[in-house]
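J.: One structure coming up, written as structure tokens, with questions to follow.
The values are calculated or read from the model by the stated rules, or taken from the named source; none is laboratory data. Every value quoted in this text rests on a predicted model; they were computed, and no experiment measured them. Using ideal geometry, Cβ is built from the backbone for each residue, glycine included, and neighbour counts are taken over all protein chains shown.
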Amino acid sequence: MEINGKPQHLDEPVQNYVHKGMAVLHQDMTAGQALAAIRTQKPSEAIVYFYVVDSAGKLVGVLPTRRLLIADLEQPISEITVRRVVTIPHTATLAEACEFFVLYKFLAFPVVDDQHRFLGTLDVNLFTEEVFDLAERERVDDVFETIGFRISQLKGASPFKAFTHRFPWLLATMTSGVLCALISGAFETTLAKSVVLAFFLALVLGLGESVSIQSVSLAIQSLHSKTPTWRWYFNALGREVAVGVLLGLAGGMMTFLIVWLWRGTLLSGIVVGSTVAFSFVAACTFGISIPTALHALKLDPKIAAGPITLAVTDVFSLLFYFTLAKIVL
């Protein structure tokens, strides 16, 4: 189950995941006594660190395995114990515990209660299992959210429930398709004058859609990590428009040369190439603006941005295409 896009189990208390099979050493032991105690206790977990406690069970330090193995058998372990220990409070959630592994890069952490008594450990295996499982889930979900629905909503869903999740966002594509058909019909005479326009119609729309999805993906990633402001939006928009201009110049010039060399029609090449350039700039503009607007309206940009951006980009690109063709040809 997920709450606000985060798996609910990450909000569980970390105590549910504490390992209690680690060997616990007392601070008044010698190295030899500590080794004997370890052999007697037979730790169930892989040995990473040993934790040292006082008579009340309070954590006083951590004893790295290497220090214990090379110490003289008569040396008190209090002399080789590392006193400064990063601990995880028992009130922490699993998500908060994972942050400790990211921040400190340790292989394990002790968990303590309010009196600093040692309760057990969390090792790096927990972190890798939880994070990689979450990362894989988010990677798959992002792909499906871009086209309009969450995969997690459809797992085990009935056919009707799957239909209710998927069909509303397909309406955006259907609507843009109908609008594009109506626009094409309105410029039927222009199409009749130059059949080349029909040849490159799919290319014009496909390139615009590809660029818009790229911009949408970048916008969603940015919205994940920060709260958008007007300053952020205009900076992001300026950057995306600049990228769109560069892409448009490169793509438009290549398309112009292809049309001109293949069909030998200069004006048609100008129309197709100019439309490709325009669609790239428009796609970058809509790709950053629509997710930001949806976020500002408290809507999930990952769900709606993809279908809406594709639809708007298609309509504007086609209008520009036929309008320019009518003027030039």
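J.: Within segment 178-188, restricting attention to residues that are in a helix (DSSP H, G or I) and in contact (Cβ under 8 Å) with a residue 40 or more places away in the chain, which residue is nearest to residue 279 (Cα to Cα)?
T.: Within segment 178-188, the match that is nearest to residue 279 (Cα to Cα) is 180.
J.: Follow-up question, since we're still on this one. For residue 215, are the conditions met, namely being part of a helix (DSSP H, G or I) and surrounded by fewer than 20 Cβ atoms within 10 Å (Cβ to Cβ)?
T.: no
J.: Which residue pairs have Cβ atoms closer than 7 Å, lie 6 or more positions apart in sequence or on different chains, and pair a first residue in segment 247-263 that is within 12 Å of residue 281 (Cβ to Cβ) with a second residue that is surrounded by 15 or more Cβ atoms within 10 Å (Cβ to Cβ) and hydroxyl-bearing (Ser, Thr, Tyr)?
T.: Every condition considered, the pairs that remain are 252/274.
Residues checked against (1) touching an Asp or Glu at 6+ places or on another chain (Cβ under 6 Å); (2) at pLDDT below 70; (3) closer than 25 Å to residue 55 by Cα:
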residue: 2; (1), (2), (3): no, yes, no
residue: 7; (1), (2), (3): no, yes, no
residue: 10; (1), (2), (3): no, yes, no
residue: 13; (1), (2), (3): no, no, no
residue: 19; (1), (2), (3): yes, no, yes
residue: 27; (1), (2), (3): yes, no, yes
residue: 32; (1), (2), (3): no, no, yes
residue: 38; (1), (2), (3): no, no, yes
residue: 43; (1), (2), (3): no, yes, yes
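J.: Can you tell me which condition residue 221 does not meet? The list is (1) closer than 14 Å to residue 289 by Cα; (2) at pLDDT 80 or above, and all the others hold.
T.: Single failed check for residue 221: (2).
J.: Another question about this same structure. Anything in segment 92-115 that is surrounded by fewer than 19 Cβ atoms within 10 Å (Cβ to Cβ) and modelled with pLDDT of 85 or more? List them, or say none.
T.: If the condition is that a residue be surrounded by fewer than 19 Cβ atoms within 10 Å (Cβ to Cβ) and modelled with pLDDT of 85 or more, then 113, 114, 115 are the ones that fit.
J.: Right, something else. Can you name the residue in segment 253-302 that is assigned to a helix (DSSP H, G or I) and among the basic types (Lys, Arg) and, of all such residues, is surrounded by the fewest Cβ atoms within 10 Å (Cβ to Cβ)?
T.: The qualifying residue surrounded by the fewest Cβ atoms within 10 Å (Cβ to Cβ) is 263.
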